[in-house]
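> Below is one structure. I have some questions about it.
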There are 2 protein chains.
Amino acid sequence: MVAVPAGYADLLERPLYGHLATTRPDGSVQVSPMWFDWDGELLRFAHTTKRQKYRNVQRNPRVAMSISDPDNPYRYLEVRGDVERIEPDPAASFFRRIAKLQRRRTSPRRPAAGRGSLRRPGLGGHRGAPDRVQQALIHRAHQ
Amino acid sequence: MVAVPAGYADLLERPLYGHLATTRPDGSVQVSPMWFDWDGELLRFAHTTKRQKYRNVQRNPRVAMSISDPDNPYRYLEVRGDVERIEPDPAASFFRRIAKLQRRRTSPRRPAAGRGSLRRPGLGGHRGAPDRVQQALIHRAHQ
């Protein structure tokens, strides 16, 4: 089990998104918002195999995520860990689950323009065949 | 000059904070919220020399920052770049400037508890002598 600091579990349980940092093949860092699913032990993300971020975690499984409390910018949680496993999601069941969470979490706002660096966090550019959708599971968190 | 994607400059100009990713000495990534100052060319952060993040950028200047639009979670900007220089701030003038920006930006909320992973973004644990406060300037942004 991963020990979440006392009083901070809500940041994993509330309808928030995190900023996931990965390492690119050239050793530089990359960070962008992503939706996640937390089951008390593992964080799960939906990746597509076409994304740089997916290639990053295949090569270097060490990642970190920062989650801020939108009601209090001085309050945040950082999770560091290794991607434990990458699970193919050929039926896109996890993909649909996290998309459903996302719809529930997101209040109606102006639609995303879908260009440039504007992407759906966690579902960035989720085009392509369903078998390209992957889950990346973070475990072995660094305390 | 750094080219900001058209239509995204507001994310650097509005009273938002970013999530700054750095690389730790062991090669793993670290990410946490930070206030920043943007002058159209450089991003500036206030670090203290006692923080791991400061030690990280001394060793590996490549950093990345993710900024989300709080009004639209599908809209964000990622900035990647190298720390161009680290400037001592013995009179804490930059420190005070960013703290002032921060107060102006932050609506009154419950006070930070000041423990655990709860820190002032960008001013994390800013104890110690003023000459320990540093600016890290990011330039040479990766396009």
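The values are calculated or read from the model by the stated rules, or taken from the named source; none is laboratory data. Quick caveat: nothing in here was measured; it's all calculated off a predicted structure. Note that we place each Cβ from the backbone using ideal geometry, even for glycine, and neighbour counts take in every protein chain shown. The protein model used for the area step is the full one, side chains on, heavy atoms only, and it has no ligands, DNA or RNA in it. Shrake-Rupley method; radii C 1.70, N 1.55, O 1.52, S 1.80 Å.
> So A:ARG55 passes all but one of these: (1) assigned to a helix (DSSP H, G or I); (2) open to solvent by 10 Å² or more (accessible area, probe 1.4 Å); (3) in contact (Cβ under 8 Å) with a residue 60 or more places away in the chain. Which condition number does it fail?
(3)
> Suppose the filter is within 11 Å of chain A (Cβ to nearest Cβ) and either touching a residue at least 12 places away in the same chain (Cβ under 8 Å) or among the β-branched types (Val, Ile, Thr) (or both); does B:LEU12 pass it?
Answer is no for this residue.
> Report every pair of residues separated by at least 6 positions or lying on different chains whose Cβ atoms are under 9 Å apart, first residue within the stretch A:86-99 and closer than 19 Å to A:LYS53 by Cβ, second open to solvent by 70 Å² or more (accessible area, probe 1.4 Å) and outside any helix (DSSP H, G or I).
A:ALA99/A:ARG120
> Restricting to the stretch A:26-50, name every residue that is more than 13 Å from every other protein chain (Cβ to nearest Cβ) and not in a strand (DSSP E or B).
Matches in the stretch A:26-50: A:ASP39, A:GLY40, A:GLU41, A:LEU42, A:THR49, A:LYS50.
> Quick check on my filter: what residues within the stretch A:38-52 are surrounded by 18 or more Cβ atoms within 10 Å (Cβ to Cβ) and without any contact (Cβ under 8 Å) to a residue 60 or more places away in the chain?
Passing the criteria: only A:TRP38.
> Across the stretch B:58-79, which residue is nearest to the other protein chains (Cβ to nearest Cβ) among those that are open to solvent by 40 Å² or more (accessible area, probe 1.4 Å) and either of a type in the set (Lys, Arg) or in contact (Cβ under 8 Å) with a residue 60 or more places away in the chain (or both)?
B:ARG62
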